[in-house]
Amino acid sequence: MKQQRTLLLHIKSFLVLFLFCASVNAQNDTIAEISVDTTRVKLKYGLRLGGDIGKLIRTTLDDDYSGFEIQGDYRIKKDLYIAGEIGFEEKSTINDYLDITSKGSYIKAGVDYNMYENWLDMDNMIYAGFRIGASTFSHDLNSFTVYNTNQYWEQFTSTENESFSGLTAIWAEIMLGIKVELFNNLYMCLNAQLKVSASETEPNNFQNVYIPGFGKTYDSTGIGVGYSYFLSYRIPLYKKYKQSAEAKN
């Protein structure tokens, strides 16, 4: 009799434990499991300054050209930067009918937008940019020849030097480029530019053939092209966390 009571007691205990476990399991089944994978990455904020290596190389190799350009940008949002360039150019254009030297300074200002999604703490860019550019420059006309379609008359050539100063130009440009972090805060950058002239002052009796900052005018079509290849260094000022979370059911 005592053994039967003990057996019944064990059975009751087992049933109570079983029912409790089943109840807890049923409650857990009604709640969706959510696991959150969160990654926190610090974004660098600071002033990035660089020099145009392409212009320095061209200055060394091309006797008819000299120039330099300083470029900079500053991150204001995760993918948005304010950016600009300032520089100086001197270019001699020499052909069968013209020998002219153009020189002056320029400044460009605008924004860059990064279209590349970096992995973790990488800080590279594939970007599109927009600039408004302005230049002040002068021309030294060394010699020129007036082409005459009548072959019975000699071509008129003048070697008297003339100077035209106080010239200005304003243009807009769009650019596509890349910026790659080689080492911590050191970047290699390359971009291509398409420019559209908005206004320019011209000397008497001839048109601008080269505008510092804008480049060759391509027979006054108002279209210019350019490129930059430069190294830059970011002066780190502070960092902000970029946090991304992915929920999985």
Note, region 122-137: 3J(HN,Hα) by Karplus (6.51, -1.76, 1.60, θ = phi - 60°), whole Hz, Gly/Pro = x, goes 5, 9, 9, 9, 10, 10, 10, x, 9, 9, 10, x, 9, 9, 10, 7
Rounded to the nearest 10 Å², the 1.4 Å probe accessible area of Asp62 is 50
In the structure shown, of Lys91/Lys179; Lys42/Lys108; Lys77/Lys239; Lys195/Lys240; Lys44/Lys195; Lys78/Lys195, the pairs separated by more than 23 angstrom at the C-alpha atoms are Lys91/Lys179; Lys42/Lys108; Lys195/Lys240; Lys44/Lys195; Lys78/Lys195
Rounded to the nearest Å, the spacing of the alpha-carbon centers of region 94-113 and region 49-66 is 13
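The values are calculated or read from the model by the stated rules, or taken from the named source; none is laboratory data. It should be emphasised that the depicted structure is a prediction, and the values quoted were computed from it without experimental measurement. Side chains included, ligands, DNA and RNA excluded: accessible areas come from the protein's heavy atoms. Shrake-Rupley method; radii C 1.70, N 1.55, O 1.52, S 1.80 Å.
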